[in-house]
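So the structure is just underneath, and the comments pick up after that.
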Amino acid sequence: MKLKLAIALALAAMSAQAAEPWMDKSLSADQRAELALKAMTQQEKLRYVLGHFGSDFGNKTKKHPAALPSSAGYIEGVPRLGLPALFETDAGLGVATQATKTPRERTSLPSGLATAATWNRELAYQGGAMIGAEARASGFNVMLAGGVNLLREPRNGRNFEYAGEDPLLAGTMVAQQVKGIQSNHIIATTKHYAVNDQETGRFVLDSRIDDASNRMSDLLAFQFVMEQSDPGSVMCSYNRLNGVYACESDYLLNQVLKKDLGYKGYVMTDWGATHSTVESANAGLDQQSGWEFDKSQYFGGALEEAVANGHVSQARLDNMVFRVLRAMFDKGVADNPVAEGGAIDFNAHKLVSRADAEESMVLLKNAGKVLPLKSNAKKIVIIGAHADVGVLAGGGSSLVYPVGGNAVPGIEPTVWPGPVVYHPSSPMKAIQARAPGAQVVYNDGKDPAAAAQAAAGAEVVLVFGQQWVGESLDAVSLALPDNQDALIASVAKANPNTVVVLETSGPVLMPWVDQAAAIVQAWYPGTAGGEAIARVLFGEVNPSGHLPATFPAAESQLPRPKLDGDPKNEAVRFTVNYHEGAAVGYKWFDLKGLKPLFPFGHGLSYTQFTYSGLVASQKDGKLSVSFKITNTGAVKGKDVPQLYVAPLNAKWEAPKRLAGWDKVELAPGESKEVSVTVDPRLLGVYDSRSKTWRIAKGGYKVLLAQDASDVKAASITIQLPQRTLNVAGK
Ligand code: BGC
């Protein structure tokens, strides 16, 4: 009887819902949001601007009863009107779980920086589509993914969640991921807006950078994401920008994001980044997230009161709710309800992750062609980084717990931002499978002398180097931790055929670079990382990753040789002066004439490519470039021809900028024509006063290069007329 009644009620609710005018799909998202908003009471409106944490908050509060267990967040819906609740999950590598003994086990992509290293837009999209599908199948309709903070600080503990140092590369790749995620009719959240470029002191630090430099660097990366993928929401960050908290910055939220970029979605805070009611609401903040992390429920009763007494207008509250509703209609959340327990094809998803990982691996060095390995090898010695059982993951809210459990449990820190997790994809097993006749030996690398002894006499030695970092922690230095430099040096001394495989968040120093025969940058390679590494080592996959960040030769080369702030005293407010402005990464190195260890864009292959026939033309100031690329080697491979533009007279932040690229697959002997059109903003300089991009009349050198330091790059010079463009580059 009870069941019958429940069914009857559900059917009635459904038909009421279908009949509601805002459920009419022929209307625009704006119209539907407007109609729904009109039907809501003040109390119902207030629900959509207050986020609850999806887990217990220590002993302080219990998780909201309707939130999915151990999830990032929950926002109540309005069932009376058929308007769904929002179920939020982290993050950019897959469906994460907040600390618990019974995590969701899901597929993990390789790190965001790894995906950027593929320079392959299609793979970024596929990865996004895959993790978005897992989010939907897990009952989530908001995915807190789309991290695009620029890699200004190679020690930043969250670089692995982002997409590198160049605004064009980072913005383009993250936009593709966001598109993929949202193809599942869920909302993606690009983050952390803005200039949240280090973890040390993230709650208190004040990032200092002028408007024009910001618009040409960090903000430009966000702008590309907005323009190319229109994420349903944006997460404002913990830090202050030029003295004001990002989540109550009228400049960031109202002026840049909503007015200049014309953003129509909603702004949510990071968890614990709300500091006020009136200032925040009036500055353009739309939703307080995980209020339990804040000092107060700023967007609860306090906001209701602020509206009642006129400190925040009713129109502002309505607009906050309108933006949330609009995103729900626009992205398909309202029309496609989510439910927990959907089927996930883990085998298929593992292959998506593997394809991404394989293309992300960067062959940094291959002296004497020690790679690819031969399947008839007799003895292979594998050393370090638990390469016998798994591959490393980064820590913090983005951690995706592996299907099958942590391959190496118990490593400190076991709690936030831990646990330290290894995905159970064993490089050693995958290597053994490809060299069935070989004796494959593992040494844990703890004792450099013993490791060297094990290495001596082997045909080839694979030393795995690793660097674990995570959210809230920066790397204390760019050196590999735990005496690994000594380990690698002593192994390389004992055996000239030493191949180093690196599982790191981002750039590291390599004092042993001249001793290693080959070096493969494997990043945090995700669910199928061990397989992907083995496939690249054996040449089943020809490496085609290229660095999305400069690898410095020393920390003294960085704009901030020493990291600002004190990790032991996170409460003291301090400033980080981004004096390099828009000259981030390779631009800084160019400007200062510094020689990096490995330049931005670098990556070798088992074949070779040549470029010819570079031509550039401009019509009404729009620059198009084309050229021919040929595979002159003996095996199939993929290349990333890169275009840089350098002004002859105009003054830019640095000598040149990346202006475009393509990723091209070629059979041996095959050639292809490639054309690239350049976003005109990349040819201009942002003027803060007029809010325009200005291209100076004159000559510009167009370089076709294999990396940012390529001395053999082909080049031609083109004359551009003077042009003034609006913020959108029109
Ligand atoms: C992180 C965000 C994350 C949020 C929810 C914060 O600590 O900075 O990136 O989305 O937590 O877990």
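Values quoted throughout were computed directly from the atomic coordinates according to the rules given, and no laboratory measurement underlies them. This is a predicted model, so every value here is computed, not measured. Note that each Cβ is placed from the backbone with ideal geometry, even for glycine, and that neighbours are counted across all protein chains shown.
Side notes on the structure shown:
- Spacing of the modelled spin labels on ARG560 and GLU340, each 7 Å from Cα toward Cβ, amounts to 4.1 nm.
- Applying a DSSP loop filter and a limit of 16 other Cβ atoms within 10 Å to the trypsin sites (Lys or Arg not before Pro) in segment 281-341 leaves LYS295.
- Euclidean distance between Cα centres, segment 183-197 to segment 239-313, Å: 16 Å
- Once backbone amide H atoms are built at 1.01 Å from N, VAL312 has VAL307 as its partners under 5 Å, excluding neighbours fewer than 5 places away on the same chain.
- Sorting ASP330, ASP197, ASP250, ASP318 by the number of Cβ atoms found within 10 Å of their own Cβ, with the fewest placed first, yields ASP250, ASP318, ASP330, ASP197.
- Full-extension gain in nm, ARG80 to LYS636, via 0.36 nm per residue minus C-alpha separation: 194.3 nm
- Pairs of Lys in segment 607-725 closer than 12 Å at Cα, counting only those 8 or more apart or on different chains: 6
- Residues PHE203, PHE140 arranged by fewest to most Cβ contacts within 10 Å: PHE203, PHE140
- Relative contact order of the chain, pairs being alpha-carbon contacts under 8 Å that are 6 or more residues apart, as %: 13 percent
- The sum of -39500 (n - 2.57) across all DSSP H runs of n ≥ 4, divided by the residue count of the chain, sets its helix-only mean residue ellipticity at 222 nm to -7500 deg cm²/dmol.
- Given their separation in residues at 0.36 nm each and the Cα-Cα distance between them, ASN347 and LYS101 gain 86.1 nm when the chain is fully extended.
- Debye, to nearest 20: dipole size of segment 584-710, +1 on Lys, Arg Cβ, -1 on Asp, Glu Cβ: 560 debye
- Within the chain, percent of DSSP bridges classed antiparallel, to nearest 5: 60 percent
- Karplus 3J(HN,Hα) series, Hz, for segment 501-511 with 6.51 cos²θ - 1.76 cosθ + 1.60 (x for Gly, Pro): 10, 10, 10, 10, 5, x, x, 9, 7, 9, x
- For segment 48-56, the Karplus equation 6.51 cos²θ - 1.76 cosθ + 1.60, evaluated at θ = phi - 60°, returns couplings of 6, 10, 10, x, 10, 5, x, 9, 4 Hz by residue, with Gly and Pro reported as x.
- Database remark: amide H of ASN141 closer than 5 angstrom to the amide H of PHE87 (H placed geometrically; neighbours at sequence offset of 5 or more, or on other chains; Pro and chain starts carry no H).
- Under Stokes-Einstein, with the Kirkwood radius over Cα pairs as Rh, the value for segment 223-264 at 25 °C and 0.890 mPa s is 228 µm²/s.
- Whole-number percent relative contact order across segment 32-330, with pairs defined as alpha carbons under 8 Å at least 6 apart: 18 percent
- Debye, to nearest 20: dipole size of segment 448-591, +1 on Lys, Arg Cβ, -1 on Asp, Glu Cβ: 140 debye
- Computed from the alpha carbon atoms alone, the convex hull of segment 514-643 holds 224 Å³ per residue.
- Extension gain for the segment ARG689 to LYS628, taken as residue separation times 0.36 nm less the Cα-Cα distance, is 17.8 nm to one decimal.
- The calculated FRET efficiency for SER612 paired with LYS38, based on their beta-carbon distance and R0 = 56 Å, is about 0.35.
- Magnitude of the charge dipole for the chain, about its Cα centre and with charges confined to Cβ atoms of Lys, Arg (+1) and Asp, Glu (-1), is about 1120 debye.
- Expressed to the nearest 5 percent, the antiparallel share of DSSP beta bridges inside segment 353-557 is 25 percent.
- Other residues with beta-carbon under 9 Å from the beta-carbon of ALA29 carry, at +1 per Lys or Arg and -1 per Asp or Glu, a net charge of +2.
- Signed unit charges on C-beta, dipole axis of the chain, positive-most listed residue LEU363, SER289, SER612: SER612
- The label-point distance for SER675 and SER375, in a model that sets each label 7 Å from Cα toward Cβ, rounds to 4.2 nm.
- Kirkwood Rh in Å, taken over all unlike Cα pairs in the chain: 26.4 Å
- Simple label model, 7 Å out from Cα along Cβ direction - THR724 to ALA66, nm: 5.2 nm
- Within a straight-line Cα-Cα reach of under 22 Å, LYS429 can be paired with the following lysines, leaving aside sequence neighbours fewer than 8 residues apart in one chain: LYS350, LYS374, LYS378, LYS379, LYS446.
- Taken as Cα centroids, segment 551-623 and segment 671-724 sit 17 Å apart, rounded to the nearest whole angstrom.
- Cα point-scatterer Debye curve for segment 353-557, base-10 log of I(q)/I(0) at q = 0.09 Å⁻¹: -0.30
- Spatially near lysine pairs across segment 50-202, Cα under 28 Å, sequence gap of 8 or more or different chains: 8
- Fewest-first ordering of SER296, SER111 by other beta carbons within 10 Å of each residue's beta carbon gives SER296, SER111.
- The phi torsions of segment 720-730, fed into the Karplus equation with coefficients 6.51, -1.76 and 1.60 and a -60° offset, translate into couplings of 10, x, 5, 9, 10, 10, 6, 4, 7, x, 9 Hz, rounded to whole numbers, with Gly and Pro shown as x.
- Dipole of segment 32-330 computed with +1 at Lys/Arg Cβ and -1 at Asp/Glu Cβ about the Cα centre; of LEU168, TYR263, SER249, farthest Cα towards the positive end is TYR263.
- Between the C-alpha center of segment 83-157 and that of segment 393-460 there is a gap of 23 Å.
- Leading residue at positive end of dipole, segment 299-375 (Cβ point charges), from HIS349, ALA302, PRO337: HIS349
- For segment 607-725: relative contact order, % (alpha-carbon pairs under 8 angstrom, 6 or more apart): 28 percent
- Membrane-span-like helices in the chain (whole DSSP H runs, Cα extent of at least 20 Å along the helix axis, mean Kyte-Doolittle hydropathy of at least 0.5): 2-19, 167-182.
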